[in-house]
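Since every read-out is calculated from the coordinates, none of them should be taken as a lab result. The model shown is predicted, which means the values in this text are computed figures rather than measured ones. Virtual Cβ from ideal backbone geometry, glycine too; neighbours counted across all protein chains shown.
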Amino acid sequence: MKLVSYGPKGKEKPGLIDRDGKLRDLSGVVEQIGPDQLSPKSLKALSKIDPDTLPKVKGKPRFGVPFQGVRKFLAIGLNYSDHAAESGLPVPKEPIMFFKADTSLCGPDDEVMLPKDSKKSDWEVELGIVIGKKAQYVSKEEALKYVAGYCVVNDVSEREYQLERGGSWDKGKGCDTFGPVGPWLVTTDEIKNPQDLDMWLDLNGKRFQTGNTKTMVFDCATIISYASQFMTLMPGDIITTGTPPGVGMGVKPKPRFLKAGDVMTLGIAGLGEQKQHVVAYKKPGK
């Protein structure tokens, strides 16, 4: 299944994408797609619904984050060796973990707003893992059984905040609108092998990132197992798994960072595409 949330910000309804790519309304079945609907039992029940019995949604409504109630937004750094090389950093011996603030979450085609005084904002197409059931100290062999599905994430990053101002990476990763997710949550029955998915990102129509999840340093199962040794993973947690080379920081001879008016387009095979217009900082309420 391809599950979605659609509609104005704060008023999203649940939906699914049918076999013809049309949006269907799920609000007559569930009030929202949230952590409770991501369990294996709930997903199995939803999968038995005939999409043809659901109302078609007219027009082209906005998509939000595909499900409501994200609990943790965990991220893995330097998980592609060629991206580590372009960053001038060693390939990690263990997964590097950091958090993106839940206030960074936004829909796949929402505007990305540069932070106040931003100098080095950057892009990162990534595979997102959505946890479907509680995971504590799980083995690598069992890890994928805890996954509800997968999604596209743009791990937008302010490099000066992240790398030049001390402390953790979090402050360069969690700025408002720096976590576009979606357009869909694609359940695991449609993604047989998360380690062979092509991914790409264009800036203003020019290809910058081209990669495949098979070149991850730590695969999805390893990441889930590893993270579960340090924290309890819960239904509704998102783990974004790192980016292939081609970020703005690595452009030679001079890095290329985001500016107002830029357009990012990105996608992953089977998981859909995103498109974000970059805008200048706006004061809250404007």
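See the values below:
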item	result
Estimated FRET transfer efficiency when R0 is 25 angstrom, pair Val91-Ala269 (beta carbons, to 0.05)	0.50
Longest to shortest principal axis, alpha-carbon extents of the stretch 1-102, angstrom	53, 31, 27
Selection from Ala84, Gly174, Tyr146, by position along the positive dipole direction of the stretch 53-190 (Cβ)	Tyr146
Mean separation of Cα contacts under 8 Å, 6 or more apart, over the residue count of the chain: relative contact order %	25
Relative contact order computed over the stretch 60-140 (Cα-Cα under 8 Å; 6+ residues apart), in percent	32
Cα shape, the stretch 168-233, gyration tensor, a/c 1.5 rule	oblate
Distant-in-sequence amide H partners of Leu258 (H built 1.01 Å from N, under 5 Å)	Ser121, Asp122
Exposure proxy order (Cβ contacts within 10 Å, fewest to most) of Glu111, Glu124	Glu111, Glu124
Cβ-placed point charges (K, R +1; D, E -1), dipole of the stretch 35-172 about Cα centre in debye, nearest 20	660
In Å, descending, principal axis extents of the Cα set of the stretch 240-286	36, 33, 18
Debye, to nearest 20: dipole size of the stretch 68-279, +1 on Lys, Arg Cβ, -1 on Asp, Glu Cβ	400
Candidate lysines - alpha carbon under 21 Å from Lys93, same-chain residues fewer than 8 apart omitted	Lys140, Lys214
Contact order relative to length of the stretch 186-251, as percent, for alpha carbon pairs under 8 angstrom and 6 or more apart	29
Lys/Arg +1, Asp/Glu -1 at C-beta; the stretch 166-271 dipole; positive extreme among Trp184, Gly248, Ile238	Gly248
Among Gly15, Gly59, Gly248, residue whose mean-square fluctuation peaks in a GNM of the chain (springs only between Cα atoms under 10 Å)	Gly59
Cα lying deepest toward the dipole's positive end in the chain, options Gly15, Pro40, Ala280, charges on Cβ	Ala280
